[in-house]
Amino acid sequence: MYAVVRSGGKQVWVSPGREVRVEKLPGSVGDSIELDQVLLVGGEGDPRIGQPVLEGVKVVGTITDQGRDKKITVFKMKRRKNYRRKQGHRQDFTQIRIESVEG
């Protein structure tokens with residue numbers, strides 16, 4: 001069974017046993033978490049598609065890591081205008097091991 005959930009403004013494809021990275025969510029390592037914004041469920045018969053979300057369906061997982069991603073460099077420049085801006089950014093993330101898709 002698999003599902004597509006919405007988390008942090010992005011859609012993530014999940015299935016039991018898989019580890020996924022999403023935008024930072026509250027909680028610490030080892031905590032259980034429920035994702036209830038399920039957009040699609042499939043795997044047994046025809047897929048069910050929500051309009052926009054499915055009622056009574058949730059994805060249960062465990063937080064395995066809270067961290068920050070690799071650094072990216074944001075560089076802006078306008079030629080011949082002596083304009084240069086350099087900025088770095090590290091995005092926070094939460095890594096979740098999916099336990100089950102319920103509903």
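Every read-out reported here was derived from the displayed coordinates using simple, explicitly stated rules and does not represent laboratory data. All of these numbers come straight from a predicted model, not from anything done at the bench. Ideal geometry is used to build each Cβ from the backbone, glycine not excepted, and the neighbour counts take in all protein chains shown.
FRET efficiency for the GLN87 to SER15 pair, using the beta carbon distance and R₀ = 41 Å, is estimated at 0.65. Taking GluC sites (Glu not before Pro) in DSSP loop conformation with at most 10 other Cβ atoms inside 10 Å as exposed sites, the chain has its longest uninterrupted site-free stretch at 56-103.
The candidate values are [x] 66, 23, 22; [y] 44, 35, 23; [z] 61, 31, 18; the one derived from this structure for Cα extents along the principal axes in Å carries the label [z]. Counting lysine pairs in segment 2-102 whose alpha carbons fall under 13 angstrom apart, excluding pairs fewer than 8 residues apart on the same chain, gives 4. Spin-label model, VAL29/ARG80: points 7 Å from Cα along the beta carbon direction are separated by 5.4 nm. Segment 7-50 and segment 78-103 have Cα centres lying 19 Å from one another. Only the Cβ atoms of Lys and Arg (+1) and of Asp and Glu (-1) were treated as charged; on that basis the dipole of the chain about its Cα centre amounts to roughly 1840 debye.
Highest mobility in the GNM of the chain, judged by mean-square fluctuation with C-alpha springs under 10 Å and restricted to LYS76, LYS58, LYS24, is found for LYS76. Relative contact order of the chain: 33 percent, from C-alpha pairs under 8 Å at least 6 residues apart in sequence.
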